[in-house]
Amino acid sequence: MPPLRIGPITVDTPVVLAPMAGVTNAAFRRLCRESGAGLYVAEMLTSRALVERSPESFRIISFEPDEVPRSVQVYGVDPATVGAAVRLLVEEDRADHVDLNFGCPVPKVTRRGGGAVLPWKRDLFASIVRAAVDAARPAGVPVTVKMRKGIDEDHLTYVEAGLTAQDAGVAAVALHGRTAADYYSGTADWDAIATLKAAVTDIPVLGNGDIWSAEDALAMVAHTGCDGVVVGRGCQGRPWLFADLAAAFAGSDERIRPGLREVAGVVRRHAELMVDHFGDEDKALREMRKHMAWYFKGYVVGGELRAQLGLVSSLAQLDDLLGQLDLDQPYPGEASEGPRGRAGSPKRPILPYGWLDSRELSEDFRRDLHEAELSVSGG
């Protein structure tokens, strides 16, 4: 695979770490960066929170000195606010790349017309993308768009949205091959990624959905012709997946197959990096809890020990628990691979009343949309 070019940025391995709330902070990004090449996006933040200069937003966009390029994902529903947020990022030299999120399927966002259902309002979508591109252009910072197929199979928006984004001057588009109604269930529609790639020809098209291994990434590229892949849940508890991806795209079949001793070492290092990131051991270890089931998926740990790891509260306790593991266990194979976390089931998207009546945005909807700007993960 050739390098991925996003405006002036060249990514030698065409792989992007998808932003995931509570996961892709600086600590986890470091583990991924140490494993392999790629573009590593920080946790999503809302344009409103950034413009209001909330402390949490600035923690999210705190990058390590050697973290280049600095990639930020912004979520917003108001063109003026999104434009102001992007302007802040570039004028204060806080980002080298800005991604716009139109993939969130969470009901509390979609019920206000945000996230994955927003591109249905074609004029609003175009205005937001143009505002971001115009704000970033003076600094030469590329803007990209991440989206889903649409609201449901009867209300698809991705081809039109991809062409609109291309015309507005974005540097790349990424498609998660699911609708908002799919949530994270079922199988991602790679055919849709191929369709978008055939339609959007002037900029790179990235594919997202069901990449659990390097082989999946190669299969997606072969099936769709996409220019790179976006990896989300597949790397949870497996930051070394990026080493596999780098090898695969370089034409090598070398893969990382860690035994439990190696996994425990990564968990310990992850916890240390989290303490450094938060500056608070208690908060850092509480944030680590969600990672435990992902890291130890497929390994023989034992129910009681797994439960204790899921409640860990200090580095000393973590050391004690890791010491109770049978660290001589080899890599368990397929048992440790595949889907991570809860996929959920298809859900009928909750939309504002009358949202589907028109592709244009009414003034009533325009007044209500600001309530959709919530701090949630998306994509």
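Values computed for the structure shown
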read-out	value
Subset of region 112-132 [more than 17 Å from Phe365 (Cβ to Cβ) and open to solvent by less than 10 Å² (accessible area, probe 1.4 Å)]	Val129, Ala132
Single match in Ala116, Ala165, Ala132, Ala171 (criterion: in contact with a Leu (Cβ under 9 Å, 6 or more places away or on another chain) and closer than 24 Å to Met220 by Cα)	Ala165
Failed criterion for Ser57 (all others in (1) at pLDDT 95 or above; (2) farther than 19 Å from Val231 by Cα hold)	(1)
Wholly within region 12-99, helices (runs of 4 or more DSSP H) carrying at least 2 residues that are surrounded by fewer than 21 Cβ atoms within 10 Å (Cβ to Cβ) and in contact with a strand residue (DSSP E or B) (Cβ under 6 Å, 6 or more places away or on another chain)	none
Filtered residues of region 192-215 (kept if of a type in the set (D, E, K, R), surrounded by 19 or more Cβ atoms within 10 Å (Cβ to Cβ) and farther than 21 Å from Val170 by Cβ)	Asp210
Of all residues in region 133-175 being open to solvent by less than 20 Å² (accessible area, probe 1.4 Å) and hydroxyl-bearing (Ser, Thr, Tyr), the one that is farthest from Tyr75 (Cα to Cα)	Thr157
All positions within region 257-295 that are over 15 Å from Arg29 (Cα atoms), touching a residue at least 60 places away in the same chain (Cβ under 8 Å) and open to solvent by 60 Å² or more (accessible area, probe 1.4 Å)	Arg257, Arg261, Lys290
Pick from region 170-193, criterion among the β-branched types (Val, Ile, Thr) and out of contact with any Gly (no Cβ under 7 Å at 6 or more places or on another chain), ranking: farthest from Pro107 (Cα to Cα)	Val170
Failed criterion for Thr179 (all others in (1) surrounded by 24 or more Cβ atoms within 10 Å (Cβ to Cβ); (2) within 23 Å of Leu241 (Cα to Cα) hold)	(2)
Cβ-Cβ under 7 Å pairs, at least 6 apart or on other chains, region 38-53 side closer than 15 Å to Ile9 by Cβ, far side among the aromatic types (Phe, Trp, Tyr) and buried (at least 24 other Cβ atoms within 10 Å of the Cβ)	Gly38/Phe242
Filter result for Asp216 (closer than 26 Å to Ala335 by Cα and among the acidic types (Asp, Glu))	yes
Residues of region 216-226 classified as surrounded by fewer than 23 Cβ atoms within 10 Å (Cβ to Cβ) and either charged (D, E, K, R) or in contact (Cβ under 8 Å) with a residue 40 or more places away in the chain (or both), total	2
Among the candidates Val72, Val41, residue that is touching a Ser or Thr at 6+ places or on another chain (Cβ under 7 Å), aliphatic (A, V, I, L, M) and modelled with pLDDT of 95 or more	Val41
Single match in Ala194, Ala180 (criterion: in a helix (DSSP H, G or I) and among the aliphatic types (A, V, I, L, M))	Ala194
Criterion (in contact (Cβ under 8 Å) with a residue 40 or more places away in the chain and farther than 17 Å from Phe63 by Cα) met by exactly one of Val11, Val16	Val11
Total residues in region 100-111, condition surrounded by 24 or more Cβ atoms within 10 Å (Cβ to Cβ), outside any helix (DSSP H, G or I) and not aromatic (Phe, Trp, Tyr)	5
Residues (open to solvent by 30 Å² or more (accessible area, probe 1.4 Å) and either more than 30 Å from Pro119 (Cβ to Cβ) or touching a strand residue (DSSP E or B) at 6+ places or on another chain (Cβ under 9 Å) (or both)) located in region 330-345	Pro330, Tyr331, Pro332, Glu334, Ala335, Glu337
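The values are calculated or read from the model by the stated rules, or taken from the named source; none is laboratory data. All values derive from a computational prediction rather than experimental measurement. Note that each Cβ is placed from the backbone with ideal geometry, even for glycine, and that neighbours are counted across all protein chains shown. The protein model used for the area step is the full one, side chains on, heavy atoms only, and it has no ligands, DNA or RNA in it. Shrake-Rupley method; radii C 1.70, N 1.55, O 1.52, S 1.80 Å.
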